[in-house]
Amino acid sequence: MHILVVEDEPKTAAFIRKALQAEGFTVAVCPDGDAGLAAGQAAAFDALILDIMLPGRDGLSVLRRLRELGQRTPVLLLSARGGVNERVAGLNAGADDYLPKPFELAELVARVRALMRRSGEHKPTVLRVADLQLDTLTRQARRGGQEIQLTAREYRLLEFLMRSAGRLCGRMTLIEKVWDYDFDPGTNLVEVYIRRLREKIDADFEPKLLQTVRGAGYLLQQPP
Ligand code: CA
């Protein structure tokens, strides 16, 4: 289980990291909001612990942006100000839980565990990015209410991209997760399938959701 901690106070960040590592989690720490947002977009985490008061972009703004990008990773907000208004703002921005500072590390760990349990139970069956929608039970894709026919492989590719919405997916990651290869077949397989998928989900619609990030991979998201 991989957790991202965005916290600017080195001492607090170090305490949190130690406590979570002792519980068997792996932990990445970012000291400000912009680094936190970049890390949250670049890699898959099982949970985020997000301080509200941060230098640069604050925690609520990071959270709002991640949710706009379609990310559903559970988020625990931390704040020195324990006011009701702030808690409401946090929940409205898409937080799953809220912990006022100062807190006991044992409580933090318990809340993180609860967060991850709940998110496991509520894995969404209908994935959405803008007006693109994928029902993982019926395996039906729709955009703007129009049904889209997918082959089995196109479906797997789209499901993976939608579950990773807002995050960059490298070519090798797609080869592993969608084709189950642990080696690079050295063909343009991925490019061909991305092109086919784009024909189906983007060609006749606006805005374009599936972006190519040159030299890095692919990104499915509602454009900012
Ligand atoms: Ca802070």
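The values are calculated or read from the model by the stated rules, or taken from the named source; none is laboratory data. Quick caveat, the model's predicted, so the values are computed rather than measured. We place every Cβ from the backbone using ideal geometry, glycine too, and count neighbours over all the protein chains shown. Keep in mind that these areas ignore ligands, DNA and RNA; they rest on the heavy atoms of the full protein, side chains included. Shrake-Rupley method; radii C 1.70, N 1.55, O 1.52, S 1.80 Å.
So which helices of the chain fit the span-like rule, where a helix is a whole DSSP H run, its Cα atoms reach 20 Å or more along the axis, and its mean Kyte-Doolittle is at least -0.5? Span-like helices here: 105-121. Accessible surface of Val213, taken over heavy atoms with a 1.4 Å probe and every protein chain present, rounds to 50 Å².
Between the amide H of Val29 and those of Val5, distances stay under 5 Å, these residues lying 5 or more places away or on another chain, with hydrogens modeled in the peptide plane.
Taking all protein chains in place and a 1.4 Å probe, what share, in percent, of the accessible surface of region 2-120 do carbon and sulfur account for? Roughly 55 percent, rounded to a whole number. Residues in the chain average 51 Å² of solvent-accessible surface per residue, probe 1.4 Å, ligands and nucleic acids excluded. Put the Cα centre of region 154-219 next to the Cα centre of region 1-64 and the gap is 28 Å. Mean residue ellipticity at 222 nm, helices only, the chain: -13000 deg cm²/dmol; runs of at least 4 DSSP H residues each add -39,500 (n - 2.57), and the sum is divided by the number of residues. Of all segments of the chain bounded by trypsin sites (Lys or Arg not before Pro) found in a DSSP loop with no more than 14 other C-beta atoms within 10 Å, the longest spans 1-80.
Listed by chain and number, the lysines placed with their C-alpha closer than 24 angstrom to that of Lys177 are Lys123, Lys200, Lys208; residues fewer than eight positions away on the same chain are left out.
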